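K.L.:
Got a structure for you, questions after.
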Amino acid sequence: MAYVGKTPAATALTSNDLADGIVSSSKISSDAVTNPKTEFTPGLEVKGDGASADGKIILNCSQNTHGVSIQSPAHAAGQSYNLILPTSVGVNGQVLATNGTNSNQLTWVDAVEAKPTVANVSQTIAPSTNVTFNITGTGFVSIPIVEFIKSDTGAITRAGAVSFTSSTSLSVTTNIAIGSYYVRVENNDGNAGRSTSAIITASTAPTWTTAAGSLGTVAGDFSGTVATVAATSDSAITYSETTSVLTDAGQANCVLNSTTGVITTTDFGGASTTPTTYTFTLRATDAENQTADRVFTLTSSFGLNNGGLFN
């Protein structure tokens, strides 16, 4: 059964009528649709009003109290193109983007740029000399730019050589002055990452100025300052004993001042009454935890007046 013209009001079309193919085509009258107007040709075309309103599709909420819309570019843009949705869903953090061709196939791409990261692994290296060491992190791409940024001045020194080991490790060679440095790694695509703290310290290790060997001969049971040792560095130094001879109450029975390097005693040699040579190792440690060890001796003496310090 086919209808020509208007369908009688008493005879409403049912879903069965549509399923049976009774209605082969239909056209919605323009005066029955609010602006914008629609027609099937064969897709759905949403027209502008012929004046200033561009065509758009409005998707309302369930209560039809508000909605969102997709609207055509303005007439002045002179654009006619087709956007094709991707064939599958993306993953968390991705957005839709065109493939840059006339087909305008939309694809899922990462919303966040893939930036390298630099691990906050502290290292101390020798200053003002070529030094090779490893930088670790994530997302390194062969072969990135590696820069060292001085923490106090912001001065930048680029690594003299960079060897790509993996996406998580680089071997770099640099020559930087004394100081602490942030590390910045920039991949070839321009994405870069910087350590959150100054992880590279260029520092000179401690150097002993007191010669190794004998610090002198001291009378047994002596009380007072026995000797003073000294070392230099580009930061504060502390002194300690790595053995248990100098400061052992049962042996030399001395006290080592960790800040000044002064060695004192209240009873040199303790209970011993026999001339003895005490051999011990002292360590100088700077603020960067660099160390230098040196072996020294002190000798006790007993005789005549049993007292005095002999160098």
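Each reported figure results from applying straightforward, stated rules to the coordinates on display, with no laboratory input. Computed from a prediction, not measured in an experiment: that's the story for all the values here. FYI the Cβ positions are ideal-geometry reconstructions off the backbone, even for glycines, and counts take in every protein chain you see.
K.L.:
Given the peptides 113-121, 250-258, 76-84, arrange them by the average over their residues of other C-beta atoms within 10 Å, most packed first.
P.N.:
250-258, 113-121, 76-84
K.L.:
While we're looking at this one, here's another question. Please list 195-207, 159-171 highest first by mean number of surrounding beta-carbon atoms within 10 Å per residue.
P.N.:
195-207, 159-171
K.L.:
Still on this model: If I model a spin label as a point 7 Å beyond the Cα along the Cα-Cβ vector, how far apart are those points for T277 and S171 in nm?
P.N.:
Calculated label separation equals 4.6 nm.
K.L.:
Please list, in order along region 64-69, the HN-Hα scalar couplings obtained from phi with the Karplus expression 6.51 cos²θ - 1.76 cosθ + 1.60 (θ = phi - 60°), rounded to whole Hz, x for Gly and Pro.
P.N.:
So the Karplus estimates, Gly and Pro as x, are 6, 9, 6, x, 10, 9 Hz.
K.L.:
A follow-up question, please. Kindly state, to the nearest 0.05, the FRET efficiency for T225 paired with R158, given R0 = 35 Å and r defined as their beta-carbon distance.
P.N.:
So the FRET efficiency works out to roughly 0.10.
K.L.:
May I pose another question? With charges set only on the Cβ (+1 for Lys and Arg, -1 for Asp and Glu), what does the dipole of region 165-311 come to about its Cα centre, in debye to the nearest 20?
P.N.:
120 debye
K.L.:
Could you give the nm distance between label points at A119 and I57, where each point is 7 Å from its Cα heading toward the beta carbon?
P.N.:
Between A119 and I57, the label points sit 5.0 nm apart.
K.L.:
Can I ask one more? Which value, in debye to the nearest 20, gives the size of the charge dipole of region 133-200 about its Cα centre, when Lys and Arg are +1 and Asp and Glu are -1 at the Cβ?
P.N.:
So the dipole magnitude of region 133-200 works out to roughly 80 debye.
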